[in-house]
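The values are calculated or read from the model by the stated rules, or taken from the named source; none is laboratory data. This is a predicted model, so every value here is computed, not measured. Heads up, the Cβs are rebuilt from the backbone with ideal geometry, glycines too, and the neighbour counts pull from every protein chain shown.
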Amino acid sequence: MADDDVLSPANASDDPVLSAERAHLDRARECLGLMRVTAGNLSDAGGDAFASEMLGRSKAVRLKSLADDGRTPPFFGRIDRLRDADDDAGGLEEFHIGRRHIRDDAGDPVVIDWRAPMSRPFYQATPAQPQGVALRRRFGFAGALLTSYEDEALITARGGGDLEGDGGGAGDLPLATLVVEEIERPRAGPMRDIVATIAPDQDDIVRAPLETSLCIQGSPGTGKTAVGLHRAAYLLYTYPDQLHRSGVLVIGPNAAFLRYIGAVLPALGELDVSQITVDELTARVPVRGKDSDALAELKGDRRWSGVLQRAVYGGINKPQDSIQIPLSGRRYRLPVERLRRYVDDVRRSGVPYAVGRERLAMTVAEDARRQKEQVGGSPTDAETRRCAHSTELQTWLAGVWPAVDAKSTVRSLLSDPDSLAAVSRGGWTDAELALLTVTAPSGNVRSVRWSAADAVLIDEVEGLLRRTELFGHVILDEAQDLSPMQLRAVARRAHAGSVTVLGDIAQGTSPWSTTDWATSLASLGKPEAVVRVLTRGYRVPGEILDVANRLLPDLAPQLPPATSVRPGRGSVSLHSVA
């Protein structure tokens, strides 16, 4: 076939290339079935019940990842690469690219996983920089039936056999016909993966290192959500050891959004990724109330972080007297100077408040234990723990490091203007204090009709009290609509890992929608995140984007206008509605 020609179903029946590719498709399905049989025959018997359970779970996940639903083709592309100069075989090597790795019974690759380094030239190679790829082939399917293919020659022989590129950068190249057909395919139901049509700039984002935090500013239809999900799949494939322990978390704006994107990662072979809404992330209380926009904006203000920290830690007091505590039938005295040092040491350790409270109790009990050991005693660990929980020690602890409940703390502040003013230290104006407390939650803690913004404040306090579950990587979509306090809730889950932030500051819809990513990234604790801008739209026709671009000077003047690969089939007219 000529370069960039597409073989259509009408002329496909007698094409030897198509016949060969269909045979390879059948072979790939057969090999995938054998891989599943092999995985099913593996023993899940471990050394004990726990080991057996873990092996069984791992086996089940493996079998599910190898499932063939008959509707998804094993591969979608192929590259023919020049062999290395020292390879006596010479010529070209063929590699089929698909959603998962498939091998034959000898262990040789039949299909290469799209995430493997070997697959990257399929997305990145150009005539100017062919990366050793002589030919790129894309396949067209009708359901699971291979119906067409399209070849793109990237290297041609010239002048004495030298191999040169044809010129033209990635940004100058027109989209392949099959890529355009895939983009134009009608969309209904859940989001599909874009693994067959990832563009070079999208691929750069997908394959960024795990330790790199990214912020993807994407105009409408640029594929930012799909890119974020494919990045999750890539990271899980490339960094299995780190992410097997810490995991990947996908956070979306609402349940409908998660249902829409829910099929993408399983289609890419990743079945064990947590997906959650922003509200579910902080759902420590039932949300039954609703705030006005003005009140919600105020409750989402970053100033709350300092207010709540002072409210929690402000109750710590320096010991004023020595104490005597019981251990193994005797009482031991601890002087006030030593007690003060213990309180200061725990405070400086930086552990969460409730963890510090427990540590302080055990530190004091261990002091009594050492005193007993110095006179020949041998108190057990259980006796030391009983000492830490004794009435005498707990009474002393209540005076110097009192117990704190997150819900009670938030309710108390929102119900008492004086208490809120005291811990805010002038941070709120009188009008803001009045707004925050005039609609305070009523009733006891169990009957309060908490709002979504209240739940975020409670989660902030819980984060001060106890350690929060951490993830190795967090994908956060529609981030432009999150309040500073919601972003802090995400940050608590991601502070030991990296993030991929997705959004468009020109499409903000919430009372606290951001106008610049630097502020949001600071609230996320990732000010160093690299901001990447996607402007090439694949979903929205150009005529509509042209209208949207006219609004940018008012909505987000710092953003570049978007372009579209879809020319559209009509015109757009605007009408004023009274």
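Taken together, R115, R137, R103 contain a single residue that is basic (K, R) and under 22 Å from G70 (Cβ atoms), which is R103.
From the list W396, W401, the lone residue that is more than 42 Å from the chain's Cα centre (by Cα) and either in contact (Cβ under 8 Å) with a residue 24 or more places away in the chain or farther than 11 Å from I325 by Cβ (or both) is W396. Condition check for L265 on (1) within 30 Å of S451 (Cα to Cα); (2) buried (at least 18 other Cβ atoms within 10 Å of the Cβ): one failure, at (1). When the range 321-338 is limited to residues that are surrounded by fewer than 16 Cβ atoms within 10 Å (Cβ to Cβ) and not basic (K, R), the one that is farthest from R466 (Cα to Cα) turns out to be G329.
Taking each residue of the range 324-340 that is under 14 Å from L397 (Cα atoms) and looking for partners that are small (G, A, S) and surrounded by fewer than 15 Cβ atoms within 10 Å (Cβ to Cβ) with beta-carbon atoms closer than 8 Å, six or more apart or interchain, yields L334/S322; V336/S322; L339/S322. Among the residues of the range 520-553, write down those that are part of a helix (DSSP H, G or I) and surrounded by 14 or more Cβ atoms within 10 Å (Cβ to Cβ). S520, L521, A522, S523, G542, E543, I544, L545, D546, A548, N549, L552 - these are the residues of the range 520-553 that are part of a helix (DSSP H, G or I) and surrounded by 14 or more Cβ atoms within 10 Å (Cβ to Cβ). For the range 70-91, what are the residues that are modelled with pLDDT under 90 and more than 13 Å from A28 (Cα to Cα)? Answer for the range 70-91, where residues must be modelled with pLDDT under 90 and more than 13 Å from A28 (Cα to Cα): R71, R83, D84, A85, D86, D87, D88, A89, G90, G91.
If you go through the range 446-464 one residue at a time, do you hit one that is outside any helix (DSSP H, G or I) and acidic (D, E)?
no
Scanning the range 544-574 for residues that are at pLDDT below 75 and out of contact with any Phe, Trp or Tyr (no Cβ under 8 Å at 6 or more places or on another chain) yields a count of 9. Per this entry, L66 is counted among residues that are in contact with a Leu (Cβ under 7 Å, 6 or more places away or on another chain), at pLDDT below 85, in the same structural domain as R115 (by TED's automatic domain parsing) and aliphatic (A, V, I, L, M). If I go through the range 522-544 residue by residue, how many of them are among the small types (G, A, S), over 13 Å from L502 (Cα atoms) and touching a residue at least 40 places away in the same chain (Cβ under 8 Å)? Residues flagged as among the small types (G, A, S), over 13 Å from L502 (Cα atoms) and touching a residue at least 40 places away in the same chain (Cβ under 8 Å) within the range 522-544 amount to 2. Of the residues in the range 303-317, at least one is surrounded by fewer than 16 Cβ atoms within 10 Å (Cβ to Cβ), over 36 Å from the mean Cα position of the chain (by Cα) and not assigned by TED's automatic domain parsing to the domain that holds T395. Looking only at the range 222-262, filter to residues that are free of Cβ contacts under 8 Å to residues at least 60 places away in the same chain and either outside any helix (DSSP H, G or I) or among the charged types (D, E, K, R) (or both); which one of those is surrounded by the fewest Cβ atoms within 10 Å (Cβ to Cβ)? Looking at the filtered set, the residue picked out is D241.
Sort out which residues of the range 112-136 are assigned to a strand (DSSP E or B) and either within 18 Å of H101 (Cα to Cα) or aliphatic (A, V, I, L, M) (or both), and write them in order of number.
Selection gives I112, D113, V133, A134, L135.
When the criteria are applied in full, P352 fails the requirement of being over 28 Å from S412 (Cβ atoms), touching a Leu at 6+ places or on another chain (Cβ under 7 Å) and either of a type in the set (A, V, I, L, M) or not assigned by TED's automatic domain parsing to the domain that holds M485 (or both).
Could you tell me whether the range 14-27 includes any residue that is modelled with pLDDT under 90 and either outside any helix (DSSP H, G or I) or of a type outside the set (F, W, Y) (or both)?
Checked against the condition, which is being modelled with pLDDT under 90 and either outside any helix (DSSP H, G or I) or of a type outside the set (F, W, Y) (or both), the range 14-27 yields at least one hit.
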